[in-house]
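Just so it is clear, none of the values below were taken in a lab; they were calculated from the coordinates. If you're wondering where the values come from, they're calculated on a predicted model, not measured in any experiment. Note: ideal-geometry Cβ built from the backbone for every residue, glycine included; neighbour counts use all protein chains shown.
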């Protein structure tokens, strides 16, 4: 009966999952086309780095500063504005021919997605508390699917038509998504027109525990994304094999993330993350010392299984640590922190890898993750067991 209930719950939120996946298509597609943009428009490596990073940092700003407005009854406004901003960002990428234009377009896209994500999570959290773990996991699965599919779509359009074609296609897709969103129910429970200071949430030990666990998780995300292609290339892997390995990494997360969220709600998110993050730590350590490509790919698939549990468990830990009237602000804080940590880790990864090699990079990353996880476990005793509907008020 519980399985039937969970399935029914997921179906009612399918429109939100689909919109999330569609927005993620554009987020992942840009990375695939950066090299082509550099060559066609004669941009420098620094300018390309700014284009790549601007989407991440715009997402940080939007999630940390704007997510709280969803808690004040403005979910619909945030979602509509976010989709329009993302659509304008795609149009800007299609029409741009100078670095500042690409950077501005990327900022609009990242900020737009940053507005939508925590607003949607608020709806999942407040409408169906008994199944929030599986629902958050399902949304994460669609997010990952869109991010992985985006580069394939972008590469196909760019190869067969032109460099601007993927961005025009995605702008049109976002326009259709916006028309569809006009018909979607955006109501949520517990919205209140009151000030919701972020610092108030940071007084909560469980909230800090969830954020520390998130820091450990997003560290591996940033390091992996920035170093994986370099690592496999140094071991002689082809570009096709690198792309295939990334798809294989994402594959387990799609079916397992909803189950991971449900399991984290039943067993306790910090308890689950204490196991899955240590599994990820072990995988990260192995990456630095194994010199066989297919062994690394096999380890990465195991890593993805751990991440399928970690990803929704982190969002759940934060959701359970905040009262309903702060649901979106809490998710915005967690998501913004995650983007900031992943972006910073990615920036540091290149120089460390080049100067000292994969052994130092992955060993150092593993030790940092263990330290962050230890802090989470020390502060997160209240999230070490099943919590169900209970929430904490960080007062």
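Binning all Cα-Cα separations of the range 196-386 at 5 Å, short to long from zero, yields these whole-percent fractions: 1, 9, 17, 20, 20, 14, 9, 6, 3, 1, 0.
A protection proxy built from the mean count of other Cβ atoms within 10 Å ranks the segments 133-145, 274-286, most packed first, as 133-145, 274-286. Evaluated at q = 0.11, 0.17, 0.20 Å⁻¹, the base-10 log of the normalised Debye intensity for the range 87-189, with identical point scatterers placed on the Cα atoms, takes the values -0.43, -0.91, -1.12. Shape analysis of the range 7-187 based on the Cα gyration tensor places the equivalent ellipsoid semi-axes at 29, 17, 13 Å, largest first. Each label was represented as a point 7 Å from its Cα along the Cα-to-Cβ direction; for residue 371 and residue 101 these points are 4.5 nm apart.
Exposure proxy check: 362, 249 ranked by fewest other beta carbons within 10 Å?
Values: 362 26, 249 19.
Ranked by crowding around the Cβ, least crowded first: 249, 362.
The length gained by stretching the chain between residue 248 and residue 355 to full extension, at 0.36 nm per residue less their Cα-Cα distance, is 35.6 nm.
If the viscosity is 0.692 mPa s and the temperature 37 °C, what translational diffusion coefficient in µm²/s does Stokes-Einstein give for the range 212-282 when Rh comes from Kirkwood over Cα pairs? Can you show the working numbers first?
Values: Rh = 13.9 Å.
Rounded, D is 237 µm²/s.
Got a sec? How would 245, 187, 366, 321 order by Cβ neighbour count within 10 Å, fewest to most? Spell out each step's value before the answer.
On the way: 245 20, 187 11, 366 24, 321 28.
Sorted ascending by nearby Cβ count, the order is 187, 245, 366, 321.
Taking 7 Å steps out from each Cα toward its Cβ at residue 301 and residue 165 produces label points 3.3 nm apart. Among 306-313, 97-104, sorting by the average number of other beta carbon atoms lying within 10 angstrom of each residue, highest first, gives 306-313, 97-104.
Over the Cα atoms of the range 257-315, compute the convex hull volume and normalise it per residue, giving Å³. Intermediate results must be reported in sequence, preceding the final value.
On the way: hull volume 3.6 nm³, N = 59.
About 61 Å³ per residue, rounded to a whole number.
Round to the nearest 0.05 the FRET efficiency obtained for residue 39 and residue 278 when R0 = 30 Å and r is the Cβ-Cβ distance. Don't skip to the answer; put the middle values down first.
Numbers: r = 42 Å, r/R0 = 1.41.
About 0.10, to the nearest 0.05.
Coordinate range of the alpha-carbon atoms in the range 301-357 per principal axis, descending: 47, 25, 11 Å. Comparing 85, 322, 156 in a Gaussian network model of the chain (Cα springs below 10 Å), the most mobile by mean-square fluctuation is 156.
How big, on average over all directions, is the shadow cast by the Cα convex hull of the chain, in nm²? Walk me through the numbers on the way to the answer.
On the way: hull surface 71.2 nm².
Averaged projected area of the chain's Cα convex hull equals 17.8 nm².
Counting neighbouring Cβ atoms within 10 Å and putting the fewest first, the residues 334, 178, 27 line up as 178, 27, 334.
Per-residue ellipticity at 222 nm, computed for the chain from helices alone with -39500 (n - 2.57) per DSSP H run of at least four residues, works out to -28500 deg cm²/dmol.
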